Amino acid sequence: MPVEASVTVIVLNWNGKVLLEDCLSTLEKVEYNNYNVLVVDNGSTDDSVQYIESNFSAVDVLELDNNLGYAGGNNAGFKHVLLKYDPEIVVFLNNDTIVDAHFISALVKKLDNPDAGIAAPKIYYANKPERIWFNGADINLATGKIKHRNIREMDSARLVTMEMSDYATGCCLAIKSKIFSNINGFDEAFSMYAEDVDLSLRVKETGKEIFMAPGAKVWHKVSSSIGGEFSLKKLRRKFGGLLRIYVKHANLFEWLSILLLSPVLILINLLRLLVLKFHQSSSE
């Protein structure tokens, strides 16, 4: 029987005590022998660390004094596990998730492919367990499109998961440790959104691909830490992240194209803000 690749799951937490029970209890039930879990606590003030130590003694905790953000917190976690466990594969996982018992084995199997740098699971909405949130993604910098495939569609036997994705969402992705080290991890200049897109593009620049692992299933309590899927704060941060993606990765043609399309994109985003206001007012 082949030796299982060593895996560390890094769960980033900031004041997410109410989310940790579901996340960590499902991680405890994962059917994979050679793995461990690290929670990186990003300076929480809600007794998250004490809760973990009292209820999940097998979980390692890295307690940070300050909130280093998504990129900074995960990079700190990676440095910690590299010294302590030296895993072959690292899984970055949001704290607002629930995982299937076989999700690690399905991700590891995809990373057995020598062309793979990252493996991504199929992710569903936690409040609608058959509705897809992520089934791969497409990037087109010429049109400004960075989107999840099949988002909000109901899963079915007829729905196809493409073998490869243009990027893996930071909600959950598995990456070979050597690759993550070689590209210097997440870019900490990003502010919560688009770090995953940037990481994916840099992995692809090394000649490796992002493979989908539909057998790996995760359920996501969408945007729990930032106020919901239609959060205004989320839209602002997404715009800032997208701008930095263009600065780092867009070629001249893509820049010219997006500048020509920008009036249309601004109008679309204004309409999205109106939808946001409608959702907010109707829920009051």
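The values are calculated or read from the model by the stated rules, or taken from the named source; none is laboratory data. It should be emphasised that the depicted structure is a prediction, and the values quoted were computed from it without experimental measurement. Heads up, the Cβs are rebuilt from the backbone with ideal geometry, glycines too, and the neighbour counts pull from every protein chain shown.
Just a few scattered comments:
- Filtered by the rule that a residue be in contact with a strand residue (DSSP E or B) (Cβ under 6 Å, 6 or more places away or on another chain), among the hydrophobic types (A, V, I, L, M, F, W, C) and assigned to a loop (DSSP other than H, G, I, E, B), segment 161-178 gives Ala168, Cys171.
- Only one entry of Leu201, Leu267 meets the criterion of being part of a helix (DSSP H, G or I), at pLDDT 70 or above, farther than 21 Å from Thr169 by Cβ and not hydroxyl-bearing (Ser, Thr, Tyr), and that entry is Leu267.
- Any hit, segment 48-62, residues being among the hydrophobic types (A, V, I, L, M, F, W, C), closer than 21 Å to Ala168 by Cβ and under 20 Å from the mean Cα position of the chain (by Cα): no
- Some residue of segment 42-54 being of a type in the set (D, E, K, R) and in contact (Cβ under 8 Å) with a residue 24 or more places away in the chain: yes
- Residues that are in contact with an Asp or Glu (Cβ under 8 Å, 6 or more places away or on another chain) and at pLDDT below 80 within segment 241-264 comprise Gly241, His249, listed in sequence order.
- You will find that of Ile10, Ile104, Ile98, Ile52, the residue that is within 21 Å of Lys221 (Cβ to Cβ), touching a Leu at 6+ places or on another chain (Cβ under 6 Å) and not hydroxyl-bearing (Ser, Thr, Tyr) is Ile10 and no other.
- Residue count for segment 106-121 under the criterion of being surrounded by 20 or more Cβ atoms within 10 Å (Cβ to Cβ) and over 18 Å from the mean Cα position of the chain (by Cα): the result is 0.
- Boolean, Asn75 is over 22 Å from Tyr32 (Cβ atoms) and in contact (Cβ under 8 Å) with a residue 24 or more places away in the chain: yes
- Every residue from segment 1-23 that is outside any loop (DSSP other than H, G, I, E, B) and within 27 Å of Asp112 (Cβ to Cβ): Val7, Thr8, Val9, Ile10, Val11, Leu12, Cys23
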